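Here the structure comes first, spelled out in structure tokens, and everything after it is commentary.
The values are calculated or read from the model by the stated rules, or taken from the named source; none is laboratory data. As the structure is a prediction and not an experimental result, all values here were calculated from the model. Here Cβ is always computed from backbone atoms with ideal geometry, including for glycine, and neighbour counts include all displayed protein chains.
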Amino acid sequence: MEEQTALTPEEQKAKEIELEKKARREKRKRQRSEFRKGILAKVNHREICLETPSCGKLPSDYITAFDLEGAGFSEDDIIEIGAVKINLKTGETSDFQEMMSPRTRLNKYVTQITGITKEELVGKRKLQEVLPEFLRFVGDSIVLGHSIGNNDMVQINLAIHRFRMKEKFYPYFIDTERMAHRLLDKADPPVKKFGLEPLLAQYGVILTENHRALADAYASYQLLRIFMKNEGRDGILPQIG
């Protein structure tokens, strides 16, 4: 059996410091995980299952479809917000689109799938400057998006917490990915991919610009209209664009 070499006092001290750092990192990771779970629990209470016959009158005359793009290394490091606000009575729309400089750095994979480059983000405002404007844009409208219940809404609340903002982000919401699972999990033939692009493709809609926030926001509203039309309830959602 190979004998272990005794550490010098300096090496022992360095080892202890490294173990302390590791313990602190693990503690922060656990705390962040628990905090995320708490946010998710609050978000889940606000979901509207629009496809269900028991769904009553909507709590707002507006829906804001939105999507986020992130830098790729930290969940709340948001570099793009795209949203379209729809008046459900008139069909009138207004857009919100902003790009922000990352807090960390831009992942090459994000550039590959979105086309966003680090050069485009140079000189852009910080997320903490843009986020209050987005929250005002949303106002008291219902929000809509693909997988926003598990991701985008959580990410925004994590950012709000990081920047110690007074606002919270727990609006009523419609999640087209969750809706797709409720409607299609038992479909025959089975649906294998529940991403926004493959779901729309299943209904003959090919996205010409995806993986950008504003385009995906519009696409999620388009998918919602398809689902509601198939359920015989498309009258509550105006066509836009």
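Quick check on segment 168-195: of everything there that is aliphatic (A, V, I, L, M) and farther than 19 Å from residue 96 by Cβ, which residue is surrounded by the fewest Cβ atoms within 10 Å (Cβ to Cβ)?
In this case the residue turns out to be 187.
Quick one: residue 42 ticks every box in (1) of a type in the set (D, E, K, R); (2) touching a residue at least 24 places away in the same chain (Cβ under 8 Å); (3) farther than 19 Å from residue 139 by Cα; (4) part of a helix (DSSP H, G or I) except a single one, so which number is it?
Only one criterion is unmet by residue 42, namely (3).
Please specify each residue of segment 136-164 satisfying the condition of being hydrophobic (A, V, I, L, M, F, W, C), part of a loop (DSSP other than H, G, I, E, B) and either closer than 16 Å to residue 42 by Cβ or under 15 Å from the mean Cα position of the chain (by Cα) (or both).
None; the set is empty.
Can you report the number of residues in segment 76-125 which are assigned to a loop (DSSP other than H, G, I, E, B) and surrounded by 15 or more Cβ atoms within 10 Å (Cβ to Cβ)?
11
When only residues in segment 36-71 that are β-branched (Val, Ile, Thr) and crowded, with 17+ Cβ neighbours inside 10 Å count, which is farthest from residue 108 (Cα to Cα)?
Here the residue is 48.
Look at residue 72 and say whether it is part of a loop (DSSP other than H, G, I, E, B), at pLDDT 85 or above and of a type outside the set (Phe, Trp, Tyr).
Spelling it out, residue 72 is indeed part of a loop (DSSP other than H, G, I, E, B), at pLDDT 85 or above and of a type outside the set (Phe, Trp, Tyr).
Step by step: first the residues of segment 216-241, then only those that are small (Gly, Ala, Ser) and touching a Gly at 6+ places or on another chain (Cβ under 7 Å), then the one that is nearest to residue 82 (Cα to Cα). Which residue is that?
217
Out of everything in segment 50-64 that is modelled with pLDDT of 95 or more and either in contact with a helix residue (DSSP H, G or I) (Cβ under 8 Å, 6 or more places away or on another chain) or assigned to a strand (DSSP E or B) (or both), what residue ends up being nearest to residue 155 (Cα to Cα)?
The residue in question is 64.
Name the residues in segment 155-167 that are surrounded by 15 or more Cβ atoms within 10 Å (Cβ to Cβ) and under 17 Å from residue 83 (Cβ atoms), would you?
155, 156, 157, 159, 160
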